[in-house]
Amino acid sequence: MDLLEHQGKELLAGYRLPVTTGQIAFSADEAVAAADSIGLPVVVKAQVHTGGRGKAGGVKIGDSLQDVRKHADNILGLDIKGHIVRRLWIEKAADIADEYYVSFTFDRSVKQHLGILSAEGGVEIEIVAKEKPEAIAKVLINPLDGLTASAARVWAEQAHTDKTALDRIVDMLMSLYKVYVEADAELVEINPLILTSAGDVVALDAKISVDGNSIYRHASYEEYVATQVRDDREREAHAKGLTYVGLEGSVGVIANGAGLAMSTVDIVHQVGGKPANFLDLGGGADANVMTAALELLNNDQSVESILVNIFGGITRCDKVANGIIEALNRVDITSPLVVRLDGTTADEGRELLKPHVSSDLMMASDMLEAARLAVELARSTRATS
Ligand code: GDP
Ligand code: MN
């Protein structure tokens, strides 16, 4: 779950880390009022769930209140990589002597935390990695040991951060690691971490992502849930308790089990189609779950055919077939359905569906045939509509 910059900074401030103070604004008037109370100069910053805001014109320094109004007017409504700016963060402008990059994340391949530090801050780390890889210092942290002061010191020296500020940088690195662990974060990325002319080490940006499964441990995380951007389909799926990811194509996918749902998405691609979604029914695909899934795909304007791919294990295909029949009675499905049943009680399931077979409900004997048919139907739906 991604946090907005100001939420990240407030989280850091809660752990007593130095961040620039600021205020949220939803309009130019609010931005001007905030700037007036903070004191000029300020920085007007777009609050969206994506980076690269500076390059896109979403970060501007305001030296006067007129400036602040102009910047706020320009930034509100701006489209930054598909994210429309509705919220601003107005903060005291910092006096930057040096910019660094620091991040903590998890390296699954070695089952350790990974810290990345570079004295080349303020630019995208991917660019530094490509053009000046020697400027990046990495450290692997065993979660049982944590980040020790001596390891942090060696790390900072390798990254060639300012020698005179070494103690403060080491303190900052250790504090950030502590936040990363205690906040159940999956990513803490500070770019830039700055050294001010006065010698202070401050987080000027904060890109923090916390584990969505840890919400129950942190009462304050409800606020982050509220600001998550979901497309309408994902919102509806979430409300219905379905495991769903919206995609760009036209073939609706319903499968039982995450592995089978992923294979179904793959095979639709393989036969030249584009899946509209990933949807895993989970175990026990009864009439209620099937109805919810079909309703969801039916409400999606981009869906032109629906591929139901079930492999019965604990799930029984006869129950799934009954679920489909009942769902069809409840929902007026506008896209043709292709059903593939295999595994436990597949024969019984197919027998149950047989009387309902039409040009809007077809059966396929295997996954490949089902995918081909669904992709073909999506094409012909488009041709006739
Ligand atoms: P991003 O582009 O989304 O990563 O947004 P940042 O918060 O990192 O801001 C982009 C850039 O704007 C930073 O790398 C800084 O160079 C600059 N910037 C942001 N805040 C300030 C500030 O208070 N003072 C100055 N001088 N520059 C700032
Ligand atoms: Mn940044």
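The values are calculated or read from the model by the stated rules, or taken from the named source; none is laboratory data. From a predicted model like this one, the values you see are computed outputs, not experimental measurements. With ideal geometry, Cβ positions are generated from the backbone for all residues, glycine too; neighbour counts draw on all protein chains shown. Protein only, heavy atoms only, side chains kept; ligands, DNA and RNA dropped before computing areas. Shrake-Rupley method; radii C 1.70, N 1.55, O 1.52, S 1.80 Å.
Between Ser359 and Gln301, what is the spin-label point distance in nm, taking each point 7 Å from the Cα along the Cα→C-beta axis?
According to this spin-label approximation, the distance is 2.5 nm.
For the pair Asp107/Ile84, report the inter-label distance in nm, with labels modelled 7 Å from Cα in the Cβ direction.
4.2 nm
Would you mind working out the accessible area per residue for the chain, using a 1.4 Å probe, and quoting it in Å²? Spell out each step's value before the answer.
Values: 18450 Å² over 385 residues.
Dividing the accessible area of the chain by its residue count gives 48 Å².
Using just the helices of the chain, give the 222 nm mean residue ellipticity in deg cm²/dmol: DSSP H runs with n ≥ 4 each add -39,500 (n - 2.57), and the total is spread over all residues, rounded to 500. Intermediate values should be presented prior to the final figure.
Values: 13 runs with 145 residues, N = 385.
For the chain, the value works out to -11500 deg cm²/dmol.
Once ligands and nucleic acids are excluded and a 1.4 Å probe is used, how much of Ser109 is accessible, expressed in Å² to the nearest 10?
Per-residue accessible area (Ser109): approximately 100 Å².
Tally the DSSP beta bridges in the chain and give the antiparallel ones as a percent, rounded to 5.
Details: 49 of 68 bridges.
Of the beta bridges lying entirely in the chain, close to 70 percent run antiparallel.
Could you tell me whether region 229-385 comes out rounded, prolate or oblate from its Cα gyration tensor? Rule is a ≥ b ≥ c as square roots of the eigenvalues, rounded for a/c under 1.5, then prolate if a/b exceeds b/c, otherwise oblate.
Details: a/c = 1.35, a/b = 1.14, b/c = 1.18.
Since a/c stays below 1.5, the shape of region 229-385 is classed as rounded.
Carbon and sulfur atoms: what percent of the 1.4 Å accessible area of region 261-300 do they account for?
Numbers: 670 of 1420 Å².
Accessible surface attributable to carbon and sulfur in region 261-300 totals 47 percent.
What aspartates and glutamates could a cross-link reach from Lys70, if we take a straight Cα to Cα line under 13 Å and drop same-chain neighbours fewer than 8 places away?
Asp29, Glu30
Would you mind telling me the antiparallel percentage of the DSSP bridges in region 286-385, rounded to 5?
For region 286-385, the DSSP antiparallel bridge percentage is about 10.
Say each of Glu131 and Ile61 gets a label point 7 Å from the Cα, pointing the same way as Cα to Cβ; how far apart are those two points in nm?
In this crude spin-label approximation the distance works out to 2.1 nm.
What translational diffusion coefficient, in µm²/s and rounded to a whole number, does the Stokes-Einstein relation yield for the chain at 4 °C and a viscosity of 1.567 mPa s, taking the hydrodynamic radius as the Kirkwood radius over Cα pairs?
Stokes-Einstein gives a translational diffusion coefficient of 54 µm²/s.
Which value, in Å² and to the nearest 10, is the accessible area of Phe106 when all protein chains are kept and the probe is 1.4 Å?
90 Å²
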